1. Quickly work out the B:THR109-to-A:ARG22 label distance, labels modelled 7 Å from Cα along the C-beta direction, and quote it in nm with one decimal.
2. Find the percent of Cα-Cα distances in chain B that exceed 17 Å, and round it to a whole number.
3. Once you treat every alpha carbon in the range A:10-115 as an equal point and sum by Debye, what is log10 I(q)/I(0) at q = 0.19 Å⁻¹?
4. What pairs from B:LYS37/B:LYS97; B:LYS26/B:LYS50; A:LYS9/A:LYS57; B:LYS50/B:LYS97; B:LYS26/B:LYS97; A:LYS9/B:LYS37 go past 19 Å between their alpha carbons?
5. What's the local net charge at A:GLY52, with K and R +1, D and E -1, over the other residues with C-beta under 15 Å away?
6. B:LYS67: which aspartates and glutamates have alpha carbons under 18 Å from its alpha carbon, excluding same-chain residues fewer than 8 sequence positions away?
7. For peptide B:36-42, compute the average count of partner chain beta-carbon atoms within 10 Å of each residue's beta-carbon.
8. With N set to the number of residues, divide the alpha-carbon radius of gyration of the protein assembly as shown by 2.2 N^0.38 Å and report two decimals.
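Every number in this text was worked out from the coordinates using simple rules, so none of it is lab data. A quick note: this is a predicted structure, and the numbers were derived from the prediction, not measured. Here the Cβ positions follow ideal geometry from the backbone for every residue, glycine too, while neighbour counts run over all protein chains shown.
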Amino acid sequence: DSGVTQTPKHLITATGQRVTLRCSPRSGDLSVYWYQQSLDQGLQFLIQYYNGEERAKGNILERFSAQQFPDLHSELNLSSLELGDSALYFCASSVVASGAYNEQFFGPGTRLTVL
Amino acid sequence: QQPVQSPQAVILREGEDAVINCSSSKALYSVHWYRQKHGEAPVFLMILLKGGEQKGHDKISASFNEKKQQSSLYLTASQLSYSGTYFCGTETDSWGKLQFGAGTQVVVTP
């Protein structure tokens, strides 16, 4: 158990819908990262927040948005869902934003299935 | 840009050694190594910063060649528990954007 929690564990929804994935980082961690893992794309970095502020952005679609709240939990919002959005979404957290101590602890993931 | 990992897969007998390589076309700030077992989340192994350092984690070690922008992960005297997919992740600056390679599947057999 990494100490990072993600809810829900599984999500099944239809195309065109909107969903929210939630992540609670380890106690004391200020950075939260979101990753998408699908069979044909590997592990893709989406976005990073550090202490409430967006710090780095990856290949995140405009239909996706995220935020980190004052209690440091984070939410990833996915809208106008398409079949290709079906994937495993991981949240990870770390103490710092980058550097030698940027060990990232991954949550168990949310498996999203879009029908 | 995504780093390139090689080989894509390797099958080992217990006790054998293996090397996994991770190459980038860009100058690297750091290289991260993670292992993911089927159906589980990736687990951190180690971070190497530019400077050519080498690190170890049990019988798994890694090196970072800054001149070549390449990192290698060494699995020594492999154990059954080493089976999984190994990912390298690279940062090109200190802003935390980590790009992962496609992964190397390692299967260790008795």
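1. 4.6 nm
2. Numbers: 2915 of 5995 pairs.
Roughly 49 percent, once rounded to a whole number.
3. Taking Cα atoms of the range A:10-115 as identical point scatterers yields -0.90.
4. Details: B:LYS37/B:LYS97 23 Å; B:LYS26/B:LYS50 12 Å; A:LYS9/A:LYS57 24 Å; B:LYS50/B:LYS97 16 Å; B:LYS26/B:LYS97 14 Å; A:LYS9/B:LYS37 17 Å.
Result: B:LYS37/B:LYS97; A:LYS9/A:LYS57 exceed 19 Å.
5. Values: positive: A:ARG55; negative: A:ASP29, A:GLU53, A:GLU54, A:ASP71, A:GLU75.
My count for the surroundings of A:GLY52 gives -4.
6. Here the aspartates and glutamates satisfying the reach criterion relative to B:LYS67 are B:GLU53, B:GLU91, B:ASP93.
7. Details: counts 4, 0, 0, 3, 3, 14, 10.
Averaged over the peptide's residues, the number is 5.
8. On the way: Rg = 17.3 Å, N = 225, 2.2 N^0.38 = 17.2 Å.
Expressed relative to 2.2 N^0.38 Å, the Cα Rg reads 1.00.
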